[in-house]
Amino acid sequence: MKSQGLGHRILRYKHAYAFIAPFFVIFAVFGLYPTAYSLVLSFHEWSANQPWTFIALLNYGKLLGDPVFWTSVWNVIYIYLVNVPAMVILSVIIAVVLNSPYQRFKDFFRVTYLIPYVTSVLSITIVFFVVFDDSRGLVNLLLSRVGLTPVHWLTSKKIAKLSIDILVTWKWLGYNMIIALAGLQSIDTQVYDACRIDGAGTLRTFFRISLPLIRPVVGFQLIMATIGTLTMFTEPYILTDGGPGYASLTPVLYLYRSAFKFFQLGYGAAIAFLTFIVVLIPSVVQVRVWAERDRTYSAT
C-alpha cells in the first residue's frame with residue numbers, strides 16, 4: 001500500500017519531479033558517487049595503476065600517527081586564530097562606517113572593498129607572491145628604502161603563515177563586509193531614531209543595538225570562515241608551497257601531495273575524510289553555541 005501511494009504521488013506530481021530531477025542527478029553523479037567512492041578507497045591501498053588492496057583502517061591508523069598531518073592541522077588553526085577574528089572585526093567596523101548616513105561615496109567604497117573577492121584567488125596569490133618575494137618583492141624594497149631590514153615573508157617559518165593571513169584577510173574582507181552591511185541594513189531605522197531620542201551615543205548604540213541585532217550575521221561569518229580556513233589550498237600552494245618545510249602546509253595541500261604527487265590515493269582519501277571531521281567538529285560547535293546564545297538573548 002505504501003509503495004502504491006508513493007508511486008501514485010510521483011505520477012501525480014511527475015512534472016514537478018521532472019523539473020527538480022536534474023539537480024539530484026548532477027548531485028548523485030558529481031557529489032554523492034565521488035564521496036562514496038573516496039570513502040571506499042580510504043580503506044584500500046592504491047597507488048596509480050596498481051590493483052586495490054583492502055587494508056581496513058590502516059590508512060586511518062597511519063594518519064592519526066602522522067606528525068606531518070597534525071602539523072598541517074595546527075598550521076590552519078594558527079591561521080584561523082590570527083585571521084578570522086581580525087577579518088570579522090574589521091568587516092563589521094567597515095560595514096558600520098559605510099552604513100552611516102553621513103558617509104560620502106558609499107557605493108565607491110563598497111565596490112572597492114568587494115573587488116578582491118570577485119577577483120580570482122589564483123591571480124591575487126600570484127600578485128602577493130611578487131609583492132612578498134624576499135629578494136625582489138615590493139614590500140622589502142620599500143622597507144630597504146626607509147632603512148629597515150627586509151623581512152623573509154615567504155621563507156621564514158614564523159612569518160610565512162602571517163603572509164597567508166594577510167592574503168586571506170585582504171581577499172575575504174570585502175565579502176564579510178557585505179554580509180555585515182546587509183545585516184546592519186536589515187535593522188529598522190526607527191530603532192536608531194529611538195536611541196538618538198534617548199541620548200545614546202554612537203558607541204553605545206553600536207554595542208547595545210547594532211551588534212546584538214547582527215549576532216546571527218557574525219555567527220554566519222565565523223562559521224563560513226572556519227570552513228574556508230580549515231580547507232585552504234590555493235593560497236599556501238601558490239604562495240609558499242606549504243613551506244618552508246611544513247610551516248604553512250594545510251591538510252588539503254597535504255592531501256593533494258599524498259594523492260597526486262606521491263600517488264598514495266588510498267591515504268589521500270583517508271586524509272580527506274579525517275579533514276572533514278576536523279572541519280565538522282568546530283563548525284557544529286559554533287552552530288550550537290550561536291544558536292544557544294540567540295535563544296538566551298531572545299529570552300531576555
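In the range 72-107, what residues are closer than 21 Å to Leu167 by Cβ, open to solvent by less than 60 Å² (accessible area, probe 1.4 Å) and of a type in the set (Ser, Thr, Tyr)? Correct list: Ser72, Tyr80, Ser91. Out of the residues in the range 163-189 that are surrounded by fewer than 18 Cβ atoms within 10 Å (Cβ to Cβ) and of a type outside the set (Val, Ile, Thr), which is modelled with the lowest pLDDT? This residue is Asp188. Within the range 54-72, residues that are over 26 Å from Gly243 (Cα atoms) reach no partner that is surrounded by fewer than 12 Cβ atoms within 10 Å (Cβ to Cβ) with beta carbons closer than 6 Å at six or more positions or on different chains. Output the residues belonging to the range 256-283 that are over 23 Å from Pro85 (Cα atoms) and surrounded by 22 or more Cβ atoms within 10 Å (Cβ to Cβ). Once the filter is applied, which keeps residues that are over 23 Å from Pro85 (Cα atoms) and surrounded by 22 or more Cβ atoms within 10 Å (Cβ to Cβ), the range 256-283 yields Ser258, Gly266, Tyr267, Gly268, Ala269, Ala270, Ile271. Out of Thr125, Thr119, Thr155, Thr205, one residue alone is open to solvent by less than 30 Å² (accessible area, probe 1.4 Å) and within 25 Å of Met232 (Cβ to Cβ). It is Thr125. When the range 44-64 is examined, which residues are found to be closer than 17 Å to Phe262 by Cα, among the small types (Gly, Ala, Ser) and either touching a Ser or Thr at 6+ places or on another chain (Cβ under 7 Å) or surrounded by 12 or more Cβ atoms within 10 Å (Cβ to Cβ) (or both)? Of everything in the range 44-64, just one residue is closer than 17 Å to Phe262 by Cα, among the small types (Gly, Ala, Ser) and either touching a Ser or Thr at 6+ places or on another chain (Cβ under 7 Å) or surrounded by 12 or more Cβ atoms within 10 Å (Cβ to Cβ) (or both), namely Ser47. Tally time: how many residues in the range 209-234 are open to solvent by 50 Å² or more (accessible area, probe 1.4 Å) and touching a residue at least 12 places away in the same chain (Cβ under 8 Å)? Number satisfying all stated conditions: 8.
Taking Asp241 and the conditions (1) at positive phi; (2) in a helix (DSSP H, G or I), which numbered condition does it fall short on, given that it satisfies the others? Here Asp241 meets the rest and fails (2). Of the helices (runs of 4 or more DSSP H) entirely within the range 118-197, those holding at least 2 residues that are free of Cβ contacts under 8 Å to residues at least 12 places away in the same chain occupy 121-131, 138-145, 189-197.
The values are calculated or read from the model by the stated rules, or taken from the named source; none is laboratory data. Quantities reported herein were computed from a predicted structural model and do not represent experimental measurements. Counting neighbours? That spans all protein chains shown, and the Cβs are built from the backbone with ideal geometry, glycine included. Just the protein is used for accessible areas: all its heavy atoms, side chains included, with ligands, DNA and RNA removed. Shrake-Rupley method; radii C 1.70, N 1.55, O 1.52, S 1.80 Å.
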